[in-house]
Amino acid sequence: MSRRLHSLLGLVLALALVVVGATGAVLSVQPTLDRFSGPAVTRGTSVATLAGAVAARHDGVTTIRVRANGVVTAAFDDGTTGGVERVDPTTGAGLGPFVVSDFTRTLVDLHRAFLGGETGRMVAAVVAVAMLGLSISGLTMLARRLGGARALFRPVRGGSRLERWHGELGRLAAIGLTISAATGLWMSASTFGWVNDGGEELMTVEARGLAPAPIASLRALAGVDVADLRELRFPDPIDRADTFLLTTAEGQTRIDPATGDAVAFRPATVAERIGEVARVLHTGRGAWALGLLLGLSSAAVPFFAVSGVVLWARRRGRRGASVANVPAATADTVILVGSDGGSTRGFAATLATALADHGHRVHVADMNDVDEVHLGAERLLVLAATWGDGAAPASATRFLDRLDRKS
């Protein structure tokens, strides 16, 4: 069952898996580039200090965000000028415009939606399910081949060189691909609204309407470190009843711009917390070393796709190699085969052809298909290759039970 599921998913979605794996590998480098392209967010600076420094340079700040990749940005509209700039998380100094290249945007869209909008996102969700299934079924088959889960770190022996490479790299990449697939599936579910990890925005609460105080003096902002900040939305400057909206990992808080008091709070939901962890695990943003490790796993996907198709084609060729097969009822020689990798099936085909060339009527079948008609043949040959520490291959798991009932 595991092999059939593995082969089906890999063959049907091979090209899509290659695209997702290759683009994921390229995108995995971005968190490292972001980490070393500017100052990192560290503890020791309050949100009040950062917001005060940014507001001192701009008349109309609308939001300050700590993005998933650790880059701090400020959006502003000063009347004649506006935009989004990178900000030093310690001093609040401007570091130039925040720009995402067209290449990166295209690559992200290709990775998330195959450049296909809503339909592409649905395909990406299916691919995430397939990659999860391939990772789990691949590990299951490898464990079975090596003799159980405890033997997963043993060298992969037997089979062709391509089979061994497929197993060795699969073992190394499986954990990373499982993480990427599971978190990608969660993100797809969030995109389509199947899970609500964005939460509901905290209800609007009116401030006291007094003249705003200096931002750096607001108590509720002074008590939050920039390392914990997700977003700070500024109040409308012409509406004194409007409030700051502070978002952290703990939840959302509305803050009176005049008194600095927290006037409302909504804690983060479980789904929000899971969603945040899923995004870090999937993208590596904010965890550049993890991003590189996941990227290495994704980079192996094109090899798995090509090698998997080649191995499948070889197995199909071995299965079709026996041109001497005759109906079981008329055969004088029956060969029952137990094989997972396909090598034993190839041996059976060679033996059947040689016997047929010498005038024998030969029938080849799986060991699981043993029946009275096979047992009644003049000669019965059984060829089997075990997995790991002697486990039966998939085509022979029911052989003994059927043999007991038929004999």
*asked:* Rolling a 1.4 angstrom probe over the protein chains, ignoring ligands and nucleic acids, what is the accessible area of residue 201 in square angstrom, nearest 10?
replied: 100
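Cβ under 10 Å from residue 43's Cβ, residue 43 left aside: what net charge do those residues give with Lys, Arg +1 and Asp, Glu -1?
That sum, taken over residues with Cβ under 10 Å, equals -2.
Working from the pairwise distances between different alpha carbons, so that the mean of 1/r is found and then inverted, what is the chain's Kirkwood radius in Å?
Details: mean 1/r = 0.0390 Å⁻¹.
Result for the chain, one decimal place: 25.6 Å.
With a cut-off of 8 Å between alpha carbons and a minimum separation of six or more residues, what is the relative contact order of the range 229-276 in percent?
Numbers: 76 pairs, mean separation 12.3, N = 48.
Answer for the range 229-276 is 26 percent.
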*Two-decimal log10 I(q)/I(0) for the range 124-209, as the Debye equation yields it once each C-alpha is a single scatterer, q = 0.13, 0.26 Å⁻¹*: -0.56, -1.19
*Gap in Å between the Cα centre of the range 154-217 and the Cα centre of the range 288-303?*
15
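Report the local net charge at residue 267: Lys and Arg +1, Asp and Glu -1, summed over other residues whose C-beta lies under 15 Å from its C-beta.
Working: positive: 230, 254, 266, 273; negative: 197, 200, 201, 228, 250, 272, 276.
Surrounding charge for residue 267 is -3.
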_Relative counts (whole %) of C-alpha pair distances in the range 82-186, using bins that are 5 Å wide_ = 2, 11, 13, 13, 11, 11, 10, 10, 7, 5, 4, 2, 0
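Where Lys and Arg each count +1 and Asp and Glu each count -1, what net charge lies around residue 95 among other residues with Cβ under 9 Å from its Cβ?
Numbers: positive: 86; negative: 85, 88.
My count for the surroundings of residue 95 gives -1.
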_the range 218-325 - Debye-derived log10 I(q)/I(0), Cα point model, q = 0.15, 0.22 Å⁻¹_ = -0.80, -1.13
*Per the Debye formula with a single identical scatterer at each Cα and no solvent contribution, what log10 I(q)/I(0) holds for the range 15-113 at q = 0.18 Å⁻¹?*
-0.87
*From the residues 264, 130, 283, which one has its Cα farthest along the dipole of the chain in the positive direction, the dipole being from +1 and -1 charges on Cβ of Lys/Arg and Asp/Glu about the Cα centre?*
130
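How much accessible area per residue does the chain have, in Å², with a 1.4 Å probe?
Numbers: 20850 Å² over 407 residues.
For the chain, the solvent-accessible area averages 51 Å² per residue.
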*For the range 188-233, just say rounded, prolate or oblate: build the C-alpha gyration tensor, square-root its eigenvalues into a ≥ b ≥ c, call rounded for a/c under 1.5, and beyond that prolate if a/b exceeds b/c, oblate if not.*
oblate
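The values are calculated or read from the model by the stated rules, or taken from the named source; none is laboratory data. Predicted model only: the values in this text are computed from it and were never measured. When we count neighbours, we look across all protein chains shown, and the Cβ atoms used for this are built from the backbone with ideal geometry, even at glycine. Each accessible area value is taken on the protein alone, full model and side chains, heavy atoms only, with ligands, DNA and RNA left out. Shrake-Rupley method; radii C 1.70, N 1.55, O 1.52, S 1.80 Å.
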